[in-house]
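Below: one structure, written as structure tokens.
What follows draws every value from the coordinates through simple rules; no lab data is involved. Bear in mind that the values here come from a model prediction, so they are computed numbers and not experimental data. Cβ placement follows ideal geometry from the backbone for every residue including glycine, while neighbour counts extend to all protein chains displayed.
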Amino acid sequence: MFLKGKTALITGSTSGIGLAYAKALAGAGADVVINGFGDRQAIEAERLALEAASGGRALYCGHDLSKADQIEAMMIEAANFGGVDILINNAGVQHVAPIEDFPVDKWDLIIALNLTSAFHTSRLAVPHMKAKKWGRIIQTASAHSLTASPFKAAYVTAKHGLAGLTKTIALEVATFGITANCISPG
């Protein structure tokens, strides 16, 4: 229970890798804030399971991470829940199409969810972390943060950007007891 007294916010955490992060953090004693979409009853069941695992608290915030005002609302809820000591930006989507056929709306959504949301959550979490002189920012990038694949223009662009954003954050916050890292599965 080495994370007792810490609160973790994990985006894209109602299933998959994000939910696994939430379970691990709750198991280590952290209060958790989960975010994502899906069946409300299934999400509530997971939220209750997270509370049982940690003996602590779990909050679900279903905000749309493609919208800055929704991200700000989620971060306010998280601040009222205890602040964000650990931020894991895991939300993401993908669309596959040749560059000349890539739908602009899909490009905008992928960049918003996979990159811009991480910028907003990070910028809003850092003041709390600085005040506590401790924080962890973890971005789920992918192998595509290091290489390219055909037909994935937006996804590869977002993941390369996420790696650069994380490096910049790490340099800016290192003297405050805060770390920022990418995990690149794949």
FRET E, pair MET1, GLN94, Förster distance 41 Å, beta-carbon r, rounded to 0.05: 0.70
Per residue of the range 140-145, what does 6.51 cos²θ - 1.76 cosθ + 1.60 with θ = phi - 60° give for ³J(HN,Hα)? Whole Hz please, x for Gly and Pro, Karplus curve as stated. 7, 8, 4, 4, 6, 7
So what is the calculated 222 nm ellipticity per residue for the chain, using -39500 (n - 2.57) for each DSSP H run with n of 4 or more, over all residues, to the nearest 500 deg cm²/dmol? -15000 deg cm²/dmol
Charge tally in the Cβ shell below 13 Å around LEU124, where Lys, Arg are +1 and Asp, Glu are -1, LEU124 excluded: -1
I need the per residue convex hull volume for the chain, using only the alpha carbons, in cubic angstrom as a whole number. 106
Compute the long axis of helix 153-173 from its Cα atoms, compare it with the longest principal axis of the Cα atoms of the chain, and write down the angle in degrees, 0 to 90, nearest 10. 40
Once phi is turned into θ = phi - 60°, what whole-Hz ³J(HN,Hα) does the Karplus curve with 6.51, -1.76 and 1.60 give for every residue of the range 44-56, x standing for Gly and Pro? 5, 4, 5, 4, 5, 5, 5, 4, 5, 5, 9, x, x
What dipole magnitude, in Debye to the nearest 20, does the chain give about its Cα centre under +1 on Lys/Arg Cβ and -1 on Asp/Glu Cβ? 720
For LEU59, enumerate residues with amide H under 5 Å from its amide H, sequence gap 5+ or separate chain, H modeled in the peptide plane. VAL32, VAL33, ILE34
Which of the peptides 85-93, 107-115 is most tightly packed, and how do the rest follow, judged by the mean count of other Cβ atoms within 10 Å per residue? 85-93, 107-115
Quick query: amide H of SER13 versus all other amide H atoms, modeled in the peptide plane; which residues come in under 5 Å with a sequence gap of 5 or more or a different chain? ASN35, GLY36
Any chance you could get the radius of gyration and Dmax over the Cα atoms of the range 1-50, in Å? 10.2, 31
